[in-house]
Amino acid sequence: MLKGKTIVLGVTGGIAAFKAAALCSKLKQAGASVHVIMTQGATKFVTPLTFQSLSRNLVFTDTFDEQDPSEISHINLADRADLFIIAPATANILAKIAHGIADDMLSTTLLATMAPVMIAPAMNVHMYEHPATQNNMQILRERGVRFIEPGVGQLACGYVGKGRLSEPDEIMLEIQSFFQESQLLKGKKVLVTAGGTVERIDPVRYISNDSSGKMGYALAGEARRLGAEVTLVATQTRLPIPDGVDFVKVNSAQDMMDEVLSRFDTTDVVFKAAAVSDYRPIEQLDHKMKKSEEEWVIRLVKNPDILQTLGQRKTTQFVVGFAAETNNLEAYAQDKLKRKNCDLLVANDVSQEGAGFGVDTNIAQVFDAEGLVEVLPLQSKQDMARRLLQIVTGRLASHAGSVYVQGNDFSEEN
Ligand code: CTP
């Protein structure tokens, strides 16, 4: 099943390193070409010879111990990998990758690779639950790393809790589904917008909103994971750009409109997750406004509606709109979907706790022209992105586009 795939298996120093030997053997049996990198810690638990015998390849433990003068091992491995899997992953390697530390063969190769990374952590329950570890995992998730969560049970340290390395069979299933899923959007171009637009008043002041961009970033990372060529058009956020995603930074709604429209003709799917300011100051001062009068009136003018423009121009593109509502969610969502001629509309009730701006979770309802498609209960934005992409991928095959007729639309689906 993994014939022709090159998998780099990183093994770090935990008692579960012995399970990585079984994983290595299963990967090899499934036809993959397996290259193992061990940290010094890992070699205290299992010998490199074990992995060398199972993988039938040299095992790397030291960045400077080059076996072949014609190549630089960490770059070569980084370039050849179709997938990087770290099992078991200690809290230490999570911290190193999250912060770009490259001080041994494994962390250096990880920094050099463009390949997708999958991580199966294993550690003491308190180390796992420590905010530092959870924070590092969140950083990595946002960057597109896929985690195979540890199981709950008796740990080698004597505690009972979450921290046991997932079983090699479960890790194998994840790896297989990863390779299957990475073909789903192959050859498709996906455009995602994210973040709140910035409408300048003067060089030091602007109008914006509370959007964190998290939903859009999660969608971009997920679409990339499914094999799409992804462009993320986003405003300034503190979020890490998902691996392999083409990033275009914008400020105002007009900038966003220009960048989106210039790519729209060659795009297959658009996720319009950005929170676009509905209005901008009529006038943008080129100097800082000085304090003088008791009142300062700023006149605003309506911004172009990017989604509505896309809805009018679309031919074969599949367009997903988003709506932030605080009341009458269903009626407003249906109206927006029709008015903006979207194929799907994801509506969040931002008045609910755990939904909307700034938080890591979301609650939404998905609509199409026929009505409610699915209710998405409270879940992480990452999980919601995954589900939304499943819905879109499922519909793409039968999607033949739709035609916009003056404030009305009809779909031509086969
Ligand atoms: N949108 C857009 N351009 C705008 C305003 C909104 O492309 N100028 C897009 C958003 O990216 C989102 C969808 O339209 O996908 C709905 O945004 P929302 O702010 O909920 O809707 P509005 O049309 O602005 O309606 P209202 O603020 O009155 O609810």
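So here's what we get for this one:
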{"item": "Per-residue ³J(HN,Hα) for region 223-237, Karplus 6.51 cos²θ - 1.76 cosθ + 1.60, θ = phi - 60°, Hz, x for Gly and Pro", "result": "4, 5, 4, 7, x, 6, 8, 10, 10, 10, 9, 9, 8, 4, 9"}
{"item": "Farthest positive-ward along the chain dipole, Cα basis, beta-carbon charges - from 337, 69, 282", "result": "69"}
{"item": "Overall dimensions of region 6-181 as given by Cα atoms, namely Rg and Dmax in Å", "result": "15.0, 49"}
{"item": "Test item: Cα-centred dipole of region 6-181, Lys/Arg +1 and Asp/Glu -1 on Cβ, debye", "result": "400"}
{"item": "Whole-angstrom Cα spans of the chain along principal axes, big to small", "result": "72, 60, 48"}
{"item": "Dipole of the chain, positive direction: furthest Cα of 136, 197, 372, with charges on the beta-carbon", "result": "136"}
{"item": "Check: region 189-404 dipole with +1 on Lys, Arg Cβ and -1 on Asp, Glu Cβ, in debye", "result": "360"}
{"item": "Rounded tilt (10° steps) of 131-142 against the dominant C-alpha axis of the chain", "result": "70"}
{"item": "For region 219-358, average projected area of the Cα convex hull in nm²", "result": "11.3"}
{"item": "Carbon plus sulfur fraction of accessible area for the chain, probe 1.4 Å, in percent", "result": "49"}
{"item": "Gyration tensor (alpha-carbon) shape descriptor, region 313-403, a/c threshold 1.5", "result": "oblate"}
{"item": "Those aspartates and glutamates that a straight Cα-Cα span of less than 16 Å connects to residue 290, excepting residues fewer than 8 apart in one chain", "result": "202"}
{"item": "Cα long-axis angle, helix 17-29 against the chain (0 to 90 degrees, to the nearest 10)", "result": "80"}
{"item": "Charge dipole (debye, nearest 20) of the chain; +1 at Cβ of Lys and Arg, -1 at Cβ of Asp and Glu", "result": "500"}
{"item": "Leading residue at positive end of dipole, the chain (Cβ point charges), from 230, 120, 251", "result": "120"}
{"item": "Under-5 Å amide H pairs with residue 379, H placed in peptide plane, nonlocal only", "result": "362"}
{"item": "Members of 162/214; 19/44; 272/338; 302/340 lying beyond 19 Å, as alpha-carbon distances in this model show", "result": "162/214"}
{"item": "Degrees, to the nearest 10: 253-264 long Cα axis against longest axis of the chain", "result": "70"}
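The values are calculated or read from the model by the stated rules, or taken from the named source; none is laboratory data. Just so you know, these numbers come straight off a predicted model, no measurement behind them. Ideal geometry is used to build each Cβ from the backbone, glycine not excepted, and the neighbour counts take in all protein chains shown. These area figures cover heavy atoms from the full protein model, side chains too; ligands, DNA and RNA do not enter into them. Shrake-Rupley method; radii C 1.70, N 1.55, O 1.52, S 1.80 Å.
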